[in-house]
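Undergrad: Pasting a structure here, questions to come.
The values are calculated or read from the model by the stated rules, or taken from the named source; none is laboratory data. Every value quoted in this text rests on a predicted model; they were computed, and no experiment measured them. Here the Cβ positions follow ideal geometry from the backbone for every residue, glycine too, while neighbour counts run over all protein chains shown.
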Amino acid sequence: MIRERLRPLASQAKRTYVQLMLDVVGRSLEAISQVDDEVRGEVAVLPDGFLFSMQVMPKGPALFIRKQRDGSLQYLGGSVAQRPDLSIQFKHLHHAFLVLSFQEKTAQSFANDRMLVDGDLGYAVRMTRVLNRLETFILPRLVASRAVKEYPDNLGLPEKVFSAARIYLKVAMNFVDTVRSS
Amino acid sequence: MSYYEFFCPVKVIAGQAALEHLPYEFSSRAVKRPMVVTDKGVRNAGLLDKVLAACEEGGMDITVVYDDVPADSSKQTVTAIAKEYRKQKCDGILAIGGGSPIDTAKAVNILVSEGGDDIAQYAGSGVLKRPLKPFFVIPTTAGTGSEVTNVAVIADTEKEVKLPFASGFMLPDAAVLDPRMTLTLPPQITAATGMDAMTHSVEAFTCLAKNPLSDAYAAAAIRKISNNLLKVMEKPDDAERRLELAQASTMAGIAFSNSMVGLVHALGHSLGAACHLPHGLCMSLFLPYVLEYNLEEIREPLSELLLHLAGPEIYAMTPKSQRAEESIATIRKLRDDLHRHCGLPRTLQETGKVEKSQLDRIAQMTIDDGSIMFNPKEASLEDARAVLEKAWA
């Protein structure tokens, strides 16, 4: 009985968590594209104005990112009227929750058919590498190891801490700007 | 706890006089006027005549034949065949051939079922939402497994890109495996396509999306290839063993289309695109080197494969800790034997068609290939370059 009553609350909490995490990931992608050369190298290949989205099917939480002319990524929020050039779609809210709570690696989620790619597969592979790079920077090693296929051996603690601090700072400033402008 | 999906609704019609089942299969899908899609190689080898004769004897005259599918099929080819299909008022498709005629026929089926003249509008995954026209396939090589895969690739020559199509609706209603259709396959194509099927199976068994059902198909396919490929090289007209290889190819196709493939395919796709080498050869060139690269991630399944690669005696005699290495050694030996039989190259240098200066570009293409996502180990640009270096000579 109690479980029945709690179920909608748990589902709502899951939705809120996924929404929040996609928002954090979106802002962090914008930030890392400004501070990390490797990510800038990955993104350089994408055409200017390239619109990328991650969303939960059918009309769940989403994030939209656009590649700018200066080579950085711009976070556009959770909805954009334009059809994205590349979209990675979770088949269900729970599948997104598994990935965004680091219980399932992104690559494993693809392998488990929980995600669909609509767009150029090569660009999807590239964006997955960008997401992996982001996760290795902003998450503690123990958690990041659960999120990516292989934690990079060559990522030393000083580089990680320094880059993570810059990303977090930019994300925090981005949040403040959003609050101020709303 | 693991999760997987497995799907293969294709009816497999295999064995002696399998071709003679075609008229019944057509009638069971109410097909009265099928269109054959094939290539000149199939016609010149006399394989088309065997199919037409089997149908004629069964009371079904096939009069609409398109036999001009090129090796790398394009949008224009698909449009032209679809136009002919409509003009002739056909009501089903029979593909006869290797990967190119089968992929072309899959794309033609999309156009004639969904309408329009531009196949590009249906590119991508999950675009199709309903069943297509009746579709049958007779493979004439034992390697691609295209008769049981839900994908096709067609070149857009104007934009210089390859258009991928993926949908369960693209799967044929039936695949006909008749030993007569692979009996005259030349030795080097037999070897390369055999190694293609071997690679499909090994990657299906060792990559990220492996699952119990695809494992069963992959292991059985490896056993059949190990037991029969060299025997067929020695005695090409052995129909029984030819059928074993054809079945292995289909089983490998079922396995990998449900578990995906990894770095061997990522490298192979890139090498094939850059140097225009046959797909099966590309697979053979990289298989052992990628297994070595992935070794510590795949030690357990690769050890298990030794039973199917080398048989129970060698498996039992090999210490558990060395079985994975022995599996790689067995594959290397198979490549050496194939090289001795028909000159199938074992290294990039032996192909005579790859320049060392191309390796950087091939490595770059490799890490952007979709297959790399399912490789058990995260392969970087440097890793891909290192594998290419090992495969060089």
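A quick yes/no check of all residues on (1) hydroxyl-bearing (Ser, Thr, Tyr); (2) free of Cβ contacts under 8 Å to residues at least 12 places away in the same chain; (3) exposed (fewer than 15 other Cβ atoms within 10 Å of the Cβ):
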site: B:Ala310; (1), (2), (3): no, no, no
site: B:Met317; (1), (2), (3): no, yes, yes
site: B:Leu334; (1), (2), (3): no, no, no
site: B:Leu344; (1), (2), (3): no, no, no
site: B:Ile372; (1), (2), (3): no, no, no
site: B:Leu381; (1), (2), (3): no, no, yes
site: B:Val387; (1), (2), (3): no, no, no
site: B:Ala391; (1), (2), (3): no, no, no
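Undergrad: Still on this structure: Return the only residue of B:Phe169, B:Phe136 being surrounded by 24 or more Cβ atoms within 10 Å (Cβ to Cβ) and aromatic (Phe, Trp, Tyr).
TA: Matching residue, one of B:Phe169, B:Phe136: B:Phe136.
Undergrad: Separate question: Give me the strands (runs of 3 or more DSSP E) completely within the range B:1-100, filtered to those with at least 3 residues that are hydrophobic (A, V, I, L, M, F, W, C), ordered by residue number.
TA: By residue number, B:11-14, B:34-37, B:92-97.
Undergrad: Could you say which residue among A:Val80, A:Val56 is under 24 Å from B:Leu208 (Cα atoms), β-branched (Val, Ile, Thr) and away from chain B (no Cβ under 11 Å)? Steps first, answer last, please.
TA: Details: A:Val80 fails: under 24 Å from B:Leu208 (Cα atoms).
Residue meeting the stated conditions: A:Val56.
Undergrad: So which residues in the range B:291-343 are among the β-branched types (Val, Ile, Thr) and assigned to a helix (DSSP H, G or I)?
TA: Residues satisfying the conditions are B:Ile298, B:Ile314, B:Ile328, B:Thr330, B:Ile331.
Undergrad: Still on this structure, please answer the following. Could you please let me know if A:Met115 is within 14 Å of another protein chain (Cβ to nearest Cβ) and on the phi < 0 side of the Ramachandran plot?
TA: The answer is yes for A:Met115.
Undergrad: Take the range A:147-163 and flag every residue that is part of a helix (DSSP H, G or I) and either within 15 Å of the chain's Cα centre (by Cα) or within 14 Å of chain B (Cβ to nearest Cβ) (or both).
TA: Matches in the range A:147-163: A:Ala147 only.
Undergrad: Here's something else I'd like to know. All but one of (1) under 24 Å from the mean Cα position of the chain (by Cα); (2) buried (at least 17 other Cβ atoms within 10 Å of the Cβ); (3) among the basic types (Lys, Arg) hold for B:Arg323, so report the exception by its number.
TA: With respect to (1) under 24 Å from the mean Cα position of the chain (by Cα); (2) buried (at least 17 other Cβ atoms within 10 Å of the Cβ); (3) among the basic types (Lys, Arg), B:Arg323 is out only on (1).
Undergrad: Still on this structure, please answer the following. List, please: which pairs have Cβ atoms under 6 Å, are six or more places apart or on different chains, and start with a residue in the range B:82-110 that is modelled with pLDDT under 95 and end with one that is not polar (S, T, N, Q)?
TA: Taking only residues 6 or more apart or on different chains, the pairs are B:Ser100/B:Val69; B:Ser100/B:Ala71.
Undergrad: A further question follows. Every residue in the range A:89-112 that is of a type in the set (Ser, Thr, Tyr) and either surrounded by 19 or more Cβ atoms within 10 Å (Cβ to Cβ) or within 11 Å of another protein chain (Cβ to nearest Cβ) (or both), please.
TA: If the condition is that a residue be of a type in the set (Ser, Thr, Tyr) and either surrounded by 19 or more Cβ atoms within 10 Å (Cβ to Cβ) or within 11 Å of another protein chain (Cβ to nearest Cβ) (or both), then A:Thr106, A:Ser109 are the ones that fit.
Undergrad: Sticking with this one: Out of all the residues in the range A:35-45, is one or more hydrophobic (A, V, I, L, M, F, W, C), on the phi < 0 side of the Ramachandran plot, part of a helix (DSSP H, G or I) and free of Cβ contacts under 8 Å to residues at least 60 places away in the same chain?
TA: yes
Undergrad: Within the range B:346-358, which residues are part of a helix (DSSP H, G or I) and either of a type in the set (A, V, I, L, M) or surrounded by fewer than 16 Cβ atoms within 10 Å (Cβ to Cβ) (or both)?
TA: Once the filter is applied, which keeps residues that are part of a helix (DSSP H, G or I) and either of a type in the set (A, V, I, L, M) or surrounded by fewer than 16 Cβ atoms within 10 Å (Cβ to Cβ) (or both), the range B:346-358 yields B:Leu348, B:Gln349, B:Glu350, B:Lys356, B:Ser357.
Undergrad: Moving to a separate point now. Tell me whether the range B:258-268 contains one or more residues that are of a type in the set (Ser, Thr, Tyr), touching a residue at least 40 places away in the same chain (Cβ under 8 Å) and in a helix (DSSP H, G or I).
TA: no
Undergrad: I need the full set of residues from the range B:359-376 which are modelled with pLDDT of 95 or more and not in a helix (DSSP H, G or I), in order please.
TA: B:Asn375, B:Pro376
Undergrad: Run A:Gly122 past the list (1) assigned to a helix (DSSP H, G or I); (2) surrounded by fewer than 21 Cβ atoms within 10 Å (Cβ to Cβ); (3) more than 11 Å from chain B (Cβ to nearest Cβ) and report the number of the one that doesn't hold.
TA: It is condition (3) that A:Gly122 fails.
Undergrad: Further question: Taking the residues in the range B:124-151 that are within 14 Å of chain A (Cβ to nearest Cβ) and of a type in the set (A, V, I, L, M, F, W, C) as candidates, determine which candidate is nearest to B:Ala273 (Cα to Cα).
TA: B:Val151
Undergrad: Being closer than 15 Å to B:Trp392 by Cα, touching a residue at least 24 places away in the same chain (Cβ under 8 Å) and part of a helix (DSSP H, G or I) is the filter here, so list the residues in the range B:275-290 that pass it. Before you say what the answer is, go through the steps one by one.
TA: Let us first name the residues in the range B:275-290 that are closer than 15 Å to B:Trp392 by Cα, namely B:275, B:277, B:281-290.
Subset that is touching a residue at least 24 places away in the same chain (Cβ under 8 Å): B:275, B:277, B:281, B:283-290.
The answer is B:Cys275, B:Leu281, B:Met283, B:Ser284, B:Leu285, B:Phe286, B:Leu287, B:Pro288, B:Tyr289, B:Val290.
Undergrad: Looking only at residues in the range B:90-149 that are of a type in the set (D, E, K, R) and under 23 Å from the mean Cα position of the chain (by Cα), which one is farthest from B:Ala14 (Cα to Cα)? Give the steps one after another, and end with the answer.
TA: At the first step, the residues of the range B:90-149 found to be of a type in the set (D, E, K, R) are B:91, B:103, B:106, B:114, B:117-118, B:129-130, B:133, B:147.
In the following step, the residues that additionally are under 23 Å from the mean Cα position of the chain (by Cα) were identified as B:103, B:106, B:133, B:147.
Numbers: B:Asp103: 21, B:Lys106: 21, B:Lys133: 22, B:Glu147: 12 Å.
Ranking the candidates gives B:Lys133 first.
Undergrad: In contact with a strand residue (DSSP E or B) (Cβ under 8 Å, 6 or more places away or on another chain), aliphatic (A, V, I, L, M) and either under 28 Å from A:Leu86 (Cα atoms) or within 14 Å of chain A (Cβ to nearest Cβ) (or both): which single residue out of B:Ala95, B:Ala107 fits that description?
TA: Exactly one residue qualifies, and that residue is B:Ala107.
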